[in-house]
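The values are calculated or read from the model by the stated rules, or taken from the named source; none is laboratory data. Keep in mind that this is a model prediction, so the values were computed, not measured. In this analysis, Cβ positions are derived from the backbone assuming ideal geometry, glycine residues included, and neighbour counts consider all displayed protein chains.
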Amino acid sequence: MRNPLLTKLKQAQILTVQQTEQLEDHLKQHQESLIDAITALELLTSECLASHIAKIYGLPCVNIHNFNCSSVYDVDNLTTLIIRHSALPIKTSKQKICLAISDPSNSEIEKEFRFTSGKDIELVIASHEQISTVIDELYVGQIKSRAITQPPEFILHDLSLTQEQKEGPLTPYLRSDNTNTPLNQYIQNLITCALKKGASDIHVEPYKHRYRVRIRCDGVLIETDQLTRQFCNRLTSRLKILAKLDIAERRLPQDGKIQFQLEPSETVNIRISTLPTMCGEKVVLRIFPTQAKESSVQILGLNAEQEKLFKQALGKTQGLILVTGPTGSGKTTTLYAGLNQINTNSLNISTIEEPVEINIPGINQVSVSPQIGMSFSHSLRALLRQDPDVMMIGEVRDEETATLVAQASQTGHLVLSTLHTNSALESIQRLQSLGVKPFDIAYSISLIIAQRLVRKLCHHCKVIKDDVTELPRESTLEGNTTLYTASDSGCQNCHLGYSGRTAIYEFIYINQAMRDAIIQNASLSELELCVRNSRMPSLKESALAKLRCGQTSYSELTRLFDF
């Protein structure tokens, strides 16, 4: 879809057809704003562009240097919005804020400032270069200096290791009290903010003129900050030092890990990945709590029949339980819940993972290391000599591992593992493609679970959905069932109308009819008929059940399924 500002600039003949095409090609290759692209290609100066935009939208054009912006610094606690949208308050009163922006095509800017401040917003146009300079000096600079004087909520430690850590695996800890630098304080604040919001990842992304910081909450990325390139270059180097990476190597991806100490008895594992891009190194921090939260089969969100089948499969002395789904669909959580269900003194339970995400007391957990030849299959062969009762294999990804898993699950071992497939039945085809014989598939698998994660509606602000004409036929409402949707603006308790996630499941219990069909190399459609005869709900049917009970919205389901 064409940028609305670009369309207006072309219609006003500010840009030629050739320049418009040049910009469109540039924007496809570079993730930056239209205004940044225009100035980068030197099609117009920043001041000239601001003047044209002001005329097109009928707004005043001002020179930022004529205003004392420091006198209105963060009067209404708008720093986050100011940095996120590159929008600068230049005058304020009890009823109104005069806001300088460079791109008025984004109507959300005015709405967000009005909602947050509770005041009327008067828009004026200014040079993007002037706005960015003042924001960098006044707001980003103040954030960094303010971090020195404000006591942190948690202690950020540096790399000095205790004797206990020196004797154990060399995982860098954030330890020591010498943290009163803007850089260390920013790292601490960034991580603690992400932890408070329940984020799974932090993205630090380089662009031509600045860096963008985003966190992934409930599976969706949310922008939290924009920083100068100079500060972020130092930030990237510091993170690489903490993770024991080579700070001089900027041409190749690198992976490392650190531990963030919240309290003396509680730490969080953080896996750091760097990736060279056209504008610099992108850094992603993946957050793993080191101690398992209360995780049990009862809190997975299964219906009564699904919970019964899961516990029944977990109670067997042998068999294979497969959990399938794309990355980030909650497979590991389901596996850990299953392990917790059977974690007793009478069983020898071991896991092979890449990496170990959560430490579970009473379970032997092994982290694979392909760099030294310790793969899933190599680790599994070693584990089979350790007298295991239950084994959890992080992923079946090659022929050798698949064959060993199938054999182990038929010779007195209960095995849990995952596959990356789009549906439960595709797991059978996937195992066949990995060289497992149909007979071994039929008599090794006890249960296949396919799952997805959907965002839950915030129960504080969800609203009734009046228009139900778009709903699919299979979502027929019963009685006075009321459907809900997310609030457009959300509330202080949620992320734009959603809070947390819930899983939807499809269970396939391998009965004799399914075994016979698998041995006879039945087609996918024939296998589906067997599943339907068992009357277990499909993924879509489970999703619609969550919709009917008001846990999620139809628009959320359409992100995952075609109805």
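For the range 380-401, what are the residues that are over 29 Å from the mean Cα position of the chain (by Cα) and not charged (D, E, K, R)?
L380, A382, L383, L384, Q386, P388, V390
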(message) Quick test for you: out of V405, V396, V368, pick the one residue that is touching a helix residue (DSSP H, G or I) at 6+ places or on another chain (Cβ under 6 Å), closer than 18 Å to Y443 by Cβ and among the β-branched types (V, I, T).
(response) V396
(message) Looking at (1) surrounded by fewer than 19 Cβ atoms within 10 Å (Cβ to Cβ); (2) farther than 30 Å from S369 by Cβ, which one does D218 not meet, given that it meets all the others?
(response) (1)
(message) Step by step: first the residues of the range 509-538, then only those that are within 15 Å of I445 (Cα to Cα) and among the aliphatic types (A, V, I, L, M), then the one that is surrounded by the fewest Cβ atoms within 10 Å (Cβ to Cβ). Which residue is that?
(response) A513
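Would you call V213 β-branched (V, I, T), at pLDDT 85 or above and surrounded by fewer than 19 Cβ atoms within 10 Å (Cβ to Cβ)?
It is false that V213 is β-branched (V, I, T), at pLDDT 85 or above and surrounded by fewer than 19 Cβ atoms within 10 Å (Cβ to Cβ).
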(request) Give the range 382-403 a look and list any residue that's in contact with a Gly (Cβ under 9 Å, 6 or more places away or on another chain) and of a type in the set (S, T, Y), or say none. (result) T403
(message) Could you check the range 8-50 and list, in sequence order, the residues that are out of contact with any His (no Cβ under 9 Å at 6 or more places or on another chain) and surrounded by fewer than 14 Cβ atoms within 10 Å (Cβ to Cβ)?
(response) Q11, Q13, T16, V17, Q18, E21, D25, K28, Q29, E42, T45
(message) Checking A54 against (1) out of contact with any Cys (no Cβ under 7 Å at 6 or more places or on another chain); (2) assigned to a helix (DSSP H, G or I): exactly one of these is not met. Which one?
(response) (1)
(request) Looking at (1) part of a strand (DSSP E or B); (2) touching a Phe, Trp or Tyr at 6+ places or on another chain (Cβ under 9 Å), find the lone condition where L320 falls short. (result) (2)
(request) Output the qualifying pairs, or none if there are none: Cβ atoms under 7 angstrom, residues six or more apart or on different chains, first residue in the range 206-229 and outside the structural domain of I272 (by the TED database), second residue in a strand (DSSP E or B) and surrounded by fewer than 16 Cβ atoms within 10 Å (Cβ to Cβ). (result) none
(request) Tell me which residues, restricted to the range 106-128, are under 21 Å from A50 (Cβ atoms) and part of a helix (DSSP H, G or I). (result) E108, I109, E110, F113, H128
